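Colleague: My questions will all concern the structure given below.
The values are calculated or read from the model by the stated rules, or taken from the named source; none is laboratory data. In this text, all values refer to a predicted model and were calculated from it rather than measured experimentally. Don't worry about glycine lacking a Cβ; one is built from the backbone with ideal geometry, like all the others, and counts go over all protein chains shown.
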Amino acid sequence: MNEKFDRQLLFKSFESCLIKCEYSIHDVSLSEYITAYEEIKKFLRKLGTLFGFVVLDVSQRLEILKKYMQKHPEHYGTLHSFLKYEKSNIMFETTSATQTLLPLHRALRFITLFLERLHSADTKFNSTQLCTQTYEETIAKYHPWVIRQGAKLAMMGLPKRDVLVGYIIPNEDYIGEFRKFIENVQIVYNISQIHFDKYPL
């Protein structure tokens, strides 16, 4: 597998995630979601060695999801189809696809909000400040104290803000694509949340 971060594939995969019917977007492709998260994982590697535990967790979760897709492709093609299948078959144990995907879903809000702020927030804020603030507002509440402290320590070693922005928006020509990417991720997140709410753990 190519380990080089590919922003174009990241942008394209989130757009391809969205499954549309005649009048609206109603579901999320699991295979495209995984492809998109493979690129997110590569981006997370760029945040520094202390983010290694995050990269490992994401990798393990993606492998679990791939195995479900390979074993039962008829049930694990889309988010709605596998949530409905697992709910009806009482499969919400620790290693179910639902339990596996939920933390990735929650983290998606953190990652995209952080990227938005890197690009648009006041220049007086550095990457560590923006990341810590975003973490506290989004996923910190789901983590025990030890994980929260480890995450904050990792954020102290983040690369400079302009370096991180450059990975996603190397020049002004990419700003339009970046905005569309953020819009698509927000739609993916919102549709996913609707389905998680419909089939709660």
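Colleague: Scan the range 166-201 residue by residue and report those that are assigned to a helix (DSSP H, G or I) and among the aliphatic types (A, V, I, L, M).
Modeller: Filtering the range 166-201 for residues assigned to a helix (DSSP H, G or I) gives 166-168, 172-198.
Once the filter is applied, which keeps residues that are assigned to a helix (DSSP H, G or I) and among the aliphatic types (A, V, I, L, M), the range 166-201 yields I168, I175, I182, V185, I187, V188, I191, I194.
Colleague: Quick one: L83 ticks every box in (1) touching a Ser or Thr at 6+ places or on another chain (Cβ under 8 Å); (2) surrounded by fewer than 16 Cβ atoms within 10 Å (Cβ to Cβ); (3) not hydroxyl-bearing (S, T, Y) except a single one, so which number is it?
Modeller: Here L83 meets the rest and fails (2).
Colleague: Residue check: is G52 of a type outside the set (S, T, N, Q) and surrounded by fewer than 16 Cβ atoms within 10 Å (Cβ to Cβ)? Explain how you work it out, then say what you get.
Modeller: Details: of a type outside the set (S, T, N, Q): yes; surrounded by fewer than 16 Cβ atoms within 10 Å (Cβ to Cβ): yes.
Yes; evaluated as a whole, the condition is true for this residue.
Colleague: Another question, then. Return the only residue of K152, K160 being among the basic types (K, R), more than 15 Å from F51 (Cβ to Cβ) and surrounded by fewer than 18 Cβ atoms within 10 Å (Cβ to Cβ). Full working, then the answer.
Modeller: Details: K152 fails: more than 15 Å from F51 (Cβ to Cβ).
K160 is the lone residue from the list that is among the basic types (K, R), more than 15 Å from F51 (Cβ to Cβ) and surrounded by fewer than 18 Cβ atoms within 10 Å (Cβ to Cβ).
Every residue, every condition in (1) under 25 Å from L164 (Cα atoms); (2) assigned to a helix (DSSP H, G or I), yes or no:
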position	(1), (2)
Y68	no, yes
F82	no, yes
P103	yes, yes
T112	yes, yes
H119	yes, yes
K124	yes, no
Q129	yes, yes
Q133	yes, yes
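Colleague: Please state which one of T78, T112, T100 is of a type in the set (S, T, N, Q), in contact with a strand residue (DSSP E or B) (Cβ under 7 Å, 6 or more places away or on another chain) and closer than 24 Å to S16 by Cα.
Modeller: Values: T112 fails: in contact with a strand residue (DSSP E or B) (Cβ under 7 Å, 6 or more places away or on another chain); T100 fails: in contact with a strand residue (DSSP E or B) (Cβ under 7 Å, 6 or more places away or on another chain).
None of the other options fit; the residue is T78.
Colleague: Something else now. Restricting attention to the range 163-201, and to residues there that are touching a Ser or Thr at 6+ places or on another chain (Cβ under 9 Å) and exposed (fewer than 14 other Cβ atoms within 10 Å of the Cβ), which single residue is nearest to L108 (Cα to Cα)?
Modeller: This residue is L201.
Residue-by-condition table, conditions (1) free of Cβ contacts under 8 Å to residues at least 40 places away in the same chain; (2) in a helix (DSSP H, G or I):
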{"position": "L10", "(1), (2)": "no, yes"}
{"position": "S13", "(1), (2)": "yes, yes"}
{"position": "H26", "(1), (2)": "no, no"}
{"position": "Y33", "(1), (2)": "no, yes"}
{"position": "E39", "(1), (2)": "yes, yes"}
{"position": "G52", "(1), (2)": "yes, yes"}
{"position": "Q60", "(1), (2)": "yes, yes"}
{"position": "E63", "(1), (2)": "yes, yes"}
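Colleague: Output the residues belonging to the range 154-169 that are over 20 Å from I182 (Cβ atoms) and either small (G, A, S) or at pLDDT 95 or above (or both).
Modeller: Of everything in the range 154-169, those that are over 20 Å from I182 (Cβ atoms) and either small (G, A, S) or at pLDDT 95 or above (or both) turn out to be A154, G157.
Colleague: If you don't mind, another one. Checking the condition out of contact with any Leu (no Cβ under 8 Å at 6 or more places or on another chain) and surrounded by fewer than 16 Cβ atoms within 10 Å (Cβ to Cβ), which residue from H143, H105 passes? Explain how you work it out, then say what you get.
Modeller: On the way: H105 fails: surrounded by fewer than 16 Cβ atoms within 10 Å (Cβ to Cβ).
That would be H143, the only listed residue that is out of contact with any Leu (no Cβ under 8 Å at 6 or more places or on another chain) and surrounded by fewer than 16 Cβ atoms within 10 Å (Cβ to Cβ).
Colleague: Also, quick follow-up: Return the only residue of V146, V163 being under 21 Å from the mean Cα position of the chain (by Cα) and assigned to a helix (DSSP H, G or I). Full working, then the answer.
Modeller: On the way: V146 fails: under 21 Å from the mean Cα position of the chain (by Cα).
That would be V163, the only listed residue that is under 21 Å from the mean Cα position of the chain (by Cα) and assigned to a helix (DSSP H, G or I).
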